[in-house]
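The values are calculated or read from the model by the stated rules, or taken from the named source; none is laboratory data. What you see is a predicted model; the values in this text were computed from it and never measured. Positions of Cβ are generated from backbone atoms using ideal geometry, with glycine treated the same way; all protein chains shown enter the neighbour counts. Only protein heavy atoms, including side chains, enter the accessible area calculation; ligands, DNA and RNA are left aside. Shrake-Rupley method; radii C 1.70, N 1.55, O 1.52, S 1.80 Å.
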There are 2 protein chains.
Amino acid sequence: MERVPVLKIGDILLVSIQIDMEDQVALQLQEDLAERIVATGVHGVIIDISALDIVDSFVGRTIAAIASVSRVLDAETVVVGMRPAVAITLVELGLSLPGVRTALNVELGIALLGRRETVTIDGDDEPADDGSDPAAVHTS
Amino acid sequence: MERVPVLKIGDILLVSIQIDMEDQVALQLQEDLAERIVATGVHGVIIDISALDIVDSFVGRTIAAIASVSRVLDAETVVVGMRPAVAITLVELGLSLPGVRTALNVELGIALLGRRETVTIDGDDEPADDGSDPAAVHTS
């Protein structure tokens, strides 16, 4: 079975998705990432999707699930390298990737994760996706 | 056509090979890498092959060719993540990957490239392949 490698670089884990994310591959990647987060104690996960021409709803949900699992394990997920056409498709599909931050490339993703580490108290303008809608709070 | 993404991280370019290296993919990767080395001015290339179960002679020659092109462009290549079975196969095939350094994982590869940068005067036991042999200069 094909397997997406998880690369550790400093305080982050890097995943470059290049192959078709079939069910087993996606599940295996989730497992591998969770195990590596626990084993290494990193606080950031970067998922590079620059090789993907198409991100369908399954891949979108897989990325969202990885982000949720990572958050439970105290690691933040940043998706990098998204192509413009992929972004348009995701929005059309109604997949806004809740809880997933994005950056244009790996270096900006690393910078984003680094910034989160240092200014975590000030930069807390992002709502948790546990049902508390800030817009609703705002107008109530 | 499938394409292997080239990721820039600091002073290195990282390539994670996960897909079958057919002719066009291999040529495209060589071109992409050469262009990115020139565009970014990096001095190190890391090729991760931890996803590969098998490295045949074509892939072996492709990696050697990438290393040669990189060296001409003043960038050193380190292959990381080689599985034990792949190492055995490579030696059996007579492919010793001349001019290619190896490390067990990405972090050790980055460390290897960093060490080369900082101690280049002391650690120059490897002759440059442009005809100017530092040992010859030393003894003249």
Next item on the list: Could you work out the mean count of beta carbons from other protein chains within 10 Å of each residue's beta carbon in A:2-10?
Entry: 6
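Could you calculate the FRET efficiency of A:A87 with A:D20 from 1/(1 + (r/R0)^6), where r is the beta carbon distance between them and R0 is 22 Å, rounded to 0.05? Spell out each step's value before the answer.
On the way: r = 20 Å, r/R0 = 0.91.
Efficiency, from the Cβ-Cβ distance: 0.65.
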Notebook entry, point to check: Taking a probe of 1.4 angstrom, what is the accessible area of A:D20 in Å², to the nearest 10?
Noted result: 120 Å²
Notebook entry, point to check: B:F58 accessible area, nearest 10 Å², 1.4 Å probe?
Noted result: 60 Å²
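Specify whether the C-alpha gyration tensor of region A:6-126 places it in the rounded, prolate or oblate class, a ≥ b ≥ c being the square roots of the eigenvalues: rounded for a/c under 1.5, otherwise prolate if a/b is larger than b/c and oblate if not. Don't jump to the answer; show the numbers that get you there.
Numbers: a/c = 1.65, a/b = 1.23, b/c = 1.34.
In terms of gyration-tensor shape, oblate.
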Note to self: Between A:N105 and B:T40, what is the label-point separation in nm under the 7 Å Cα-to-beta-carbon projection?
What the structure shows: 0.7 nm
Item checked: Other-copy label distances relative to A:G114, 7 angstrom Cα-Cβ extension, nm -> 1.2
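Which whole number gives the average count of other chain Cβ atoms within 10 Å of the Cβ atoms across peptide A:12-21? Could the numbers behind the result be given before it?
Working: counts 1, 0, 6, 1, 10, 3, 9, 5, 1, 0.
What the average comes to for A:12-21 is 4.
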Note to self: Summing both sides, how much accessible area is buried between A and B? Use a 1.4 Å probe and give Å² to the nearest 100.
What the structure shows: 1500 Å²
Check: What accessible area, in Å² to the nearest ten, does a 1.4 Å probe give for A:I9?
Finding: 20 Å²
Next item on the list: Find every distance from the label point of A:L93 to the corresponding label point in the other copies (7 Å from Cα along Cα→Cβ) and write them in nm, one decimal, shortest first.
Entry: 3.5
Checklist line | region A:24-78 shape via C-alpha gyration tensor axes, a/c threshold 1.5 | finding: prolate
